[in-house]
Amino acid sequence: MRVSRIRIENFRGVKSAEVFLPSHGVLIGDNNTGKTTILEALDLALGPDRLNRKPPVDEHDFFKGVYIPVTVLEPAEGAPGEEAEPAVADEEPAAESNEPKIKIEVTVVDLTDEQKAVFGDYVEFWDARTNTFYDEPNPEGTDVDSVTEAIRVTFHGWYDSEEDDFEGKTYFTRSLTESEKPEPFSRKHKQVCGFLYLRSIRTGSRALSLERGSLLDIILRLKEVRPQMWEDTLATLSENNVASNPNLGISPVLESINAALKKYVPREWGIEPHLKVSNLTREHLRKVITAFIATGDGTHAAPFYRQGTGTINMLVLAMLSQIAEDRQNVIFAMEEPETAIPPYAQKRIVHEVRKLASQTLFTSHSPYVLEEFSLDETVVLARDTEGVLMQRSITLPDNVKLKRYRQEFRTRFCEGLLARRVLVAEGATEASSFPVACRRLEELNPDIYSSLEALGICVVDAGSETNIPGMAQLYRELGKHTFAICDRQDDGNKELIEAQVDLLLMHGEKGVEDMVLKGTTEEALKRFTRLIDWPQHLAQKYPDPEAQATAALSDYFTWSKGNWGIADFIAQCSEVEIPEWLREAALQLKAACTHSEMDEAAAAQEAEADGTN
């Protein structure tokens with residue numbers, strides 16, 4: 001059993017989306033792209049406990065916060081020259097179909113025999129080869145290996161004006177159109193699906209409590225264990241009087257109040273006030289009963305949620321294994337398993353959860369997690385200014401082989417996949433020195449310059465000038481804004497690069513070392529010769545490097561190429577000492593990012609205006 005497709009309308013920051021999910025996969029993209037929105041949408045449609053929350057959705061769950069119909073006022077027509085009548089609204093109430101509604105449709109495929117029996121008449125057939133439903137009149141077509149049983153369920157969330165509150169329900173999708181009365185997809189139906197959404201902080205903080213929906217509560221329900229402890233616990237607490245010791249001074253005060261009370265009211269009205277733990281109910285107990293775990297080598301125990309974050313996350317993993325053992329068909333959706341976990345443990349979590357579940361869906365920003373998924377299992381998400389969430393697949397260009405992609409994933413590819421803007425640098429020297437230049441310029445003159453980090457740009461080392469077009473193409477096809485920085489190129493390679501980037505930053509020298517040496521001041525070069533530790537062979541060649549600063553540093557930059565030599569030089573420069581080309585490149589890049597943001601904002605405003613007309 002697994003979720004094959006999810007469609008979303010009007011939920012959170014997503015106006016519309018259609019995403020196809022692998023059996024095991026990781027959702028990646030820049031922050032606020034919609035990764036968590038997809039998992040939350042799955043939880044609304046399939047989570048057995050989500051709809052117990054009252055209300056199940058709120059104002060902020062609707063796209064742009066619009067949960068009631070927007071009435072557009074149109075000016076009344078008047079004769080030429082006459083003053084127009086005031087704008088009036090349509091007197092007829094908005095039709096129900098015009099009311100904003102959250103819609104989430106989920107397709108669950110590869111059903112088990114138990115699920116087929118439970119879902120009965122609502123079972124359909126899904127063709128995994130075409131990612132569509134098989135609706136041909138020929139029954140023999142369902143015998144093809146790519147066709148499997150499936151169901152569709154749809155969650156609707158809306159604002160009820162009469163109750164002045166929000167409502168949400170899940171239905172069998174077919175019943176919405178094929179039946180006079182929609183058939184609810186009930187909590188028991190959802191339990192058969194076995195969807196479990198794990199938020200790292202929230203799940204860990206209540207994993208070993210008895211709150212409804214906690215991991216311990218899920219395990220007890222799966223094992224059909226009903227702890228009959230509430231009555232005994234409540235009775236024990238009710239018999240426990242607090243501060244009854246006269247030496248504490250509280251009981252004499254209560255006795256004096258009791259004596260005064262007897263003077264004014266009959267006994268039946270109430271006597272003998274005393275203090276107890278609280279007016280506990282079993283719901284109170286569910287929230288306060290907590291497992292304790294011994295810490296260190298001693299016997300002292302502390303609440304489990306006071307353990308280290310990493311320990312809590314591994315505890316969650318152990319509990320997941322218990323859930324999976326009792327139910328062999330589970331869909332796990334897990335946010336950022338890397339939180340407070342060392343790299344080797346991150347990998348173990350991924351592998352263990354994949355073995356436990358029929359489907360696993362992760363979100364992550366960790367290269368150690370991402371590299372455990374193949375290209376087909378990596379779902380790259382991007383959202384445009386109109387709220388349309390799009391899914392893209394990673395397609396390697398001809399000059400990036402799969403072996404190289406895997407070997408260099410952490411150092412060369414991962415950061416670009418997670419960013420919105422990517423600057424492809426010709427080599428290691430450019431990749432290390434240009435970010436330092438931008439950062440230094442921002443420190444010196446923040447009103448004019450911005451660091452690459454502030455612009456949301458990550459730098460990717462292409463490894464050579466011939467690799468720039470392919471690397472830029474890789475990220476451009478994933479919907480990233482791409483830029484490039486390099487030495488002087490021949491016309492052919494320059495055209496290839498410009499075809500794949502929004503902006504090409506190319507200086508006129510054949511090496512970045514020459515551009516820096518020619519563009520800075522003699523004083524800056526001499527000062528730097530006094531700051532560095534010269535390698536032995538250069539110290540012998542230049543006994544007095546300050547006297548031959550340009551020649552000595554030319555050899556030093558060549559020797560330290562790709563090892564932060566030029567970056568260290570730029571970091572100690574004043575604004576005028578930083579080469580003019582670098583300053584102009586920093587300004588061009590900032591302008592390109594600012595213009596793209598303005599274009600996106602304008603497109604969003606235009607789309608919003610079109611939606612209200």
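The values are calculated or read from the model by the stated rules, or taken from the named source; none is laboratory data. Just so we're clear, the structure is a prediction, and the values are computed from it rather than from any experiment. Cβ: placed from backbone, ideal geometry, glycine included. Neighbour counts: every protein chain shown.
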Can you find a residue that is at positive phi, touching a residue at least 24 places away in the same chain (Cβ under 8 Å) and in contact with a Ser or Thr (Cβ under 8 Å, 6 or more places away or on another chain) anywhere in segment 380-387?
yes
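Yes/no per residue for (1) of a type in the set (Val, Ile, Thr); (2) over 21 Å from Leu444 (Cα atoms); (3) buried (at least 16 other Cβ atoms within 10 Å of the Cβ):
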| residue | (1), (2), (3) |
| --- | --- |
| Glu522 | no, no, no |
| Leu525 | no, no, yes |
| Ala549 | no, yes, yes |
| Thr558 | yes, yes, no |
| Ala586 | no, no, yes |
Only one of Phe155, Phe185 is touching a Ser or Thr at 6+ places or on another chain (Cβ under 6 Å) and either farther than 22 Å from Pro22 by Cα or not assigned by TED's automatic domain parsing to the domain that holds Val3 (or both); which?
Phe185
Given the conditions (1) outside any helix (DSSP H, G or I); (2) modelled with pLDDT under 90; (3) closer than 19 Å to Asp447 by Cα, which single one is not true for Thr594?
(1)
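Quick grid of which residues meet (1) more than 45 Å from the chain's Cα centre (by Cα); (2) outside any helix (DSSP H, G or I); (3) free of Cβ contacts under 8 Å to residues at least 40 places away in the same chain:
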site	(1), (2), (3)
Arg530	yes, no, yes
His537	yes, no, yes
Thr550	yes, no, yes
Tyr556	no, no, yes
Ile566	no, no, no
Ser574	no, yes, no
Glu577	no, yes, no
Trp581	no, no, no
Please work out if Arg327 is in contact with a Leu (Cβ under 8 Å, 6 or more places away or on another chain) and at pLDDT below 70.
yes
Among what's in segment 113-156 and is among the aromatic types (Phe, Trp, Tyr) and under 30 Å from the mean Cα position of the chain (by Cα), pick the residue that is surrounded by the most Cβ atoms within 10 Å (Cβ to Cβ).
Phe155
Given (1) in a helix (DSSP H, G or I); (2) touching an Asp or Glu at 6+ places or on another chain (Cβ under 8 Å); (3) under 27 Å from Leu27 (Cα atoms), number of the condition Met471 does not satisfy:
(2)
